[in-house]
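The values are calculated or read from the model by the stated rules, or taken from the named source; none is laboratory data. Everything numeric in this text was worked out from a predicted model, so none of it was measured. A quick note on method: Cβ atoms are made from the backbone with ideal geometry, for glycine too, and the neighbour counts reach across all protein chains shown.
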Amino acid sequence: MDNSRFIHTYITYHGCFAASDDDDDGSGGDDWERKERYAVVLFLAIITACKSKKTKQPPPPSQESRMAAMAVFRHQRSASSWAAAVADHARSGRHDAALTVFRRVLRAHPAVATSDQLAYAALLRCRDRRLAYQIHAQACRRGLAAFNPVLACSLLTFYSDCDDMASATRVFDEMLHPDAVSYTAMISALLRAGDRHRALALYPRMLPLCAPTQHTFSKLLAACTSTRLRRYGTQLHAQLLRWGCWGPHLSLVLKTALLHMYAACGAMASARTVLHATPETDVVLWTAIITAYSRGGQLQHALRAFRDMERAAVPPNAFTYAALIAACAAAHSLHIGRLLHARLFKFHLEHDTSACNALLDFYSKSSTRFLDLLHAFRAVDTPNVVSWTIFIAGLVRHGRDQEAFAAFARMRATGVQPNSFTLSTLLKGSTSAHACLLAAKIHAYVLKTSFESLDATVGNSLVNVYARSARMDDAWNVATTMSFVRDRFTYTSLAKGLNQMGLHHRALEMILHMFHEEVDIDGFSLACFLSAAATLASIEAGKQLHSCAVKLGLSDEVSVSNSLIDMYSRCKCLEDAKSAFRSIREPSVVSWNAIISGLASNGCYAEALSAFEDMILTGAQPDGVTFSVVLSACSHGGLVDTGIKHFYSMMNLFGVPPQKSHCTWFLDMLRQAGRLAEVAHTIEAMPVQLDFVNLQDPAGILQAPQ
C-alpha cells in the first residue's frame with residue numbers, strides 16, 4: 001500500500017479529520033498544525049509497533065510521503081471538518097459560533113468555504129437573511145440550487161420560515177429533479193402557510209417522479225384535518241391500503257397521522273379502526289382519541305377510551321389527564337373531575353403545568369366555590385401566561401372584576417407578560433358600571449407597552465366595550481387604529497352600538513365600509529344590519545339586505561331568517577315575514593317567537609295563537625318570551641279564557657316560571673273578565689313583586705269593566 005494512502009486510510013478510519021471539542025468554535029488555527037504533526041507521528045508509531053511485533057509493515061516513510069499525508073489531511077480538514085463544525089453549531093442552536101467558524105474559513109480558505117454545499121445547508125439554519133441571500137446567489141451562480149436537493153431543501157425551508165412563500169416556491173420550481181424529500185419539504189412549507197389545497201395538489205405531481213415516504217403521507221394527512229378535506233384523507237388512506245401499508249406493515253408514524261386526521265374530522269369510528277389495526281399503540285395515540293372525544297363534548301366516550309387505554313397497559317401522561325379534565329369542564333361534571341384531580345396526586349402529576357391549567361379551567365367553569373379556583377391556581381408552581389389567563393377568566397366568571405384586575409397587576413409584577421387573549425378576557429368580563437374606565441386603563445396599557453398596533457382580538461374587545469357604553473367616538477378611534485386587522489366582528493360591534501343609540505342610518509353605513517375593505521359578512525353581521533333596517537320608515541334598505549343575503553348564500557342561516565321575519569313584521573309586510581319563516585328548515589324557539597310576535601303586533605291575534613299551537617305540535621319548547629307574546633295577544637284580542645288557560649299551562653305543562661310581565665297580563669285578563677275576587681287572591685299569592693307598567697290603566701286593575 002502507498003504510504004500516503006495508508007495514512008489517509010488510518011486517520012479517516014479513526015476519525016482524526018473530525019473537529020475536536022477543543023476547537024469546535026473554529027478559533028484554533030495552531031491546533032490544526034499540531035494535528036498534522038500528530039498524524040505523522042501516529043503513523044511512525046504504528047510502524048514501530050509493527051516492527052516490535054515482527055509483523056509485516058510498510059516501508060519507512062520518505063519526506064515525500066510525509067508531505068503527501070499532510071496535503072491529504074489539509075484537504076480533508078478544509079472539506080469536512082469545517083463543515084462538520086458549522087453543522088454541529090447550527091444543529092445545537094449556536095448560530096453565532098457557526099457564523100464565526102464560517103467567516104474564519106472564508107478568510108483562510110475562500111475557495112473551500114464557497115464550494116462546501118453542506119456548510120451552506122447548515123448556515124441556513126442560522127436565520128441570517130443577508131447571509132442566506134448571499135448563499136442563494138452563490139448557489140445559483142454555481143448551479144447548485146437546481147442540482148443539489150439538500151441545499152435546495154434548506155433554502156426552501158429558510159424562505160418558508162421567513163414567510164416568503166414566493167421565494168420558497170421559486171426554489172422548488174427551479175429544482176430539475178426533485179425527490180421525495182424535496183416534495184415533503186414543499187408540502188410542509190405550504191401547510192405552514194395555511195395553503196392546504198396547494199399542498200394536496202403536489203401529491204399527484206409527485207407520484208410519476210418518485211415514491212412518497214411515510215413522512216410525506218404524514219404531512220399530507222395533516223392537511224386533511226378538516227371536515228371539508230376529509231375525502232382527500234380517505235383517498236390517501238385508500239392509497240396506503242393499495243400499497244399494502246396496513247396491518248403489520250402499518251408503521252407507528254402513519255398510524256398516528258391517520259388517527260389524528262380522522263379524529264380531527266370527527267370520524268371517531270374510523271379513528272378507532274386505525275387504532276386497533278395493529279397491536280402497537282402508545283400514549284400519543286390514546287391521548288389523541290381521548291382529546292377528540294373531549295373536544296366533541298363526549299365525556300363518556302372519553303372515559304371509556306381511558307379505561308381501554310389502561311387495559312392495554314399504556315400509562316397515561318399529563319396531557320391525557322388534561323384532555324379528560326377538559327371534557328369534564330365542558331360537561332360540568334364536578335364529581336368526575338375531582339376524581340381525576342385525585343389521580344393526578346396518585347401519579348405525581350399534580351404540579352405539571354398542562355394538567356394544572358386544565359384543572360384551573362375545570363374549576364373555573366364547573367365549580368361555584370371560589371376557593372376551588374383559588375386552590376387550583378396556588379397549586380401551579382410556575383404559572384405561565386395560560387395559567388394567569390385562565391385564572392383571570394375564572395375571576396371574571398365569579399363576578400370578581402376588581403380581583404381580576406388585581407390578578408392582572410400581579411401577573412405583570414411576576415414578570416409574565418400578558419398576551420392578547422389575557423387582555424380580551426379582561427375586557428369581555430368588564431360588565432360592571434366601571435367597565436368603560438377599566439377598558440380605558442387597558443387601552444392605555446396596550447398603547448404604552450410593546451403592542452405597536454392593536455391586533456384583532458384586543459381591538460375588537462375594546463370596540464365592543466366602548467360601543468356597549470355608548471362611547472362611539474372612542475370605539476371608532478380604536479377601529480381606526482386597526483387599519484389592517486379590522487374584520488366583521490369590528491363592524492358588527494360598531495353597528496350594535498349605533499343601533500342602541502338609535503343611529504340606525506349610521507349603523508347601515510358600516511356595511512359600506514365592509515364592502516369597501518372586502519371584509520367578509522356573516523349571518524350575525526347581516527342580522528345586526530337587518531335590525532337597523534327594521535326601524536326605518538322605508539322598506540327598501542331591508543329588501544336590499546335580503547337580496548344581499550341571497551347573493552352571499554346567507555339566507556338559509558337561522559339568525560338571518562329570524563331578522564328578516566322581524567324586519568318584515570315591523571314594516572307591515574306579513575306575507576314576506578311568513579315566507580321568511582317557511583324558508584327555515586328547523587325553526588328555533590326564537591323563530592317561533594318572531595313570527596308569533598309579528599302576527600300579534602299586526603293585529604292578527606287568532607293567527608298568532610294558531611302559530612303557537614303549531615309550535616307546540618312540532619315539539620318546540622316555548623320559553624318565557626313566547627308566553628309573554630301569547631298572553632299579550634290574548635289580552636289585546638279579548639281572548640280572556642284562552643289567555644288564562646295558557647297562563648296556567650306555563651308552569652304545569654312546560655315548567656316555565658311566571659315572571660312580572662306574565663302576571664301583569666294575566667291580571668289584566670282577569671280584570672277584563674270581571675273576576676275581581678280572583679284578581680285580589682292572585683295578587684296576594686303571586687311569588688313576584690308586581691308592576692303595572694304594561695297596562696294601559698294600572699289604577700283600574702281592581703275596578704270592574706264598564
Tabulated pairs, region 591-618, first within 19 Å of residue 561 (Cβ to Cβ), second outside any helix (DSSP H, G or I), C-beta under 7 angstrom, 6+ apart or interchain: 591/584; 592/620; 602/572; 615/622
One residue from 254, 258, 207, 200 being more than 29 Å from residue 301 (Cβ to Cβ) and touching a residue at least 24 places away in the same chain (Cβ under 8 Å): 200
Members of region 575-587 found to be among the polar types (S, T, N, Q) and without any contact (Cβ under 8 Å) to a residue 12 or more places away in the chain, listed by number: 579
Residue 342 being more than 30 Å from residue 445 (Cα to Cα), at pLDDT 90 or above and of a type in the set (A, V, I, L, M): yes
Out of 620, 633, sole residue that is assigned to a loop (DSSP other than H, G, I, E, B), surrounded by 14 or more Cβ atoms within 10 Å (Cβ to Cβ) and at pLDDT 85 or above: 620
Of all residues making up region 533-562, the number that are buried (at least 18 other Cβ atoms within 10 Å of the Cβ), more than 21 Å from residue 614 (Cβ to Cβ) and of a type in the set (Gly, Ala, Ser): 7
Residues satisfying the stated conditions in region 258-311, i.e. in a loop (DSSP other than H, G, I, E, B) and either under 21 Å from the mean Cα position of the chain (by Cα) or modelled with pLDDT of 90 or more (or both): 265, 266, 267, 296, 297, 298
Residue selected from region 581-597 under the condition touching an Asp or Glu at 6+ places or on another chain (Cβ under 9 Å) and assigned to a loop (DSSP other than H, G, I, E, B), by the criterion surrounded by the most Cβ atoms within 10 Å (Cβ to Cβ): 584
The one condition in (1) part of a helix (DSSP H, G or I); (2) loosely packed, with under 15 Cβ neighbours inside 10 Å; (3) of a type in the set (Asp, Glu) that residue 372 fails to fulfil: (2)
Filtered residue count, region 403-455, keeping only those that are outside any helix (DSSP H, G or I) and either modelled with pLDDT of 85 or more or within 27 Å of the chain's Cα centre (by Cα) (or both): 16
Selection from region 173-202 of residues that are outside any helix (DSSP H, G or I), in contact with a helix residue (DSSP H, G or I) (Cβ under 6 Å, 6 or more places away or on another chain) and not small (Gly, Ala, Ser): 174, 175, 176, 179
Some residue of region 169-177 being closer than 20 Å to residue 213 by Cβ, in contact with a Ser or Thr (Cβ under 7 Å, 6 or more places away or on another chain) and modelled with pLDDT under 75: no
Single unsatisfied condition, residue 353 versus (1) surrounded by fewer than 22 Cβ atoms within 10 Å (Cβ to Cβ); (2) within 13 Å of residue 299 (Cα to Cα): (2)
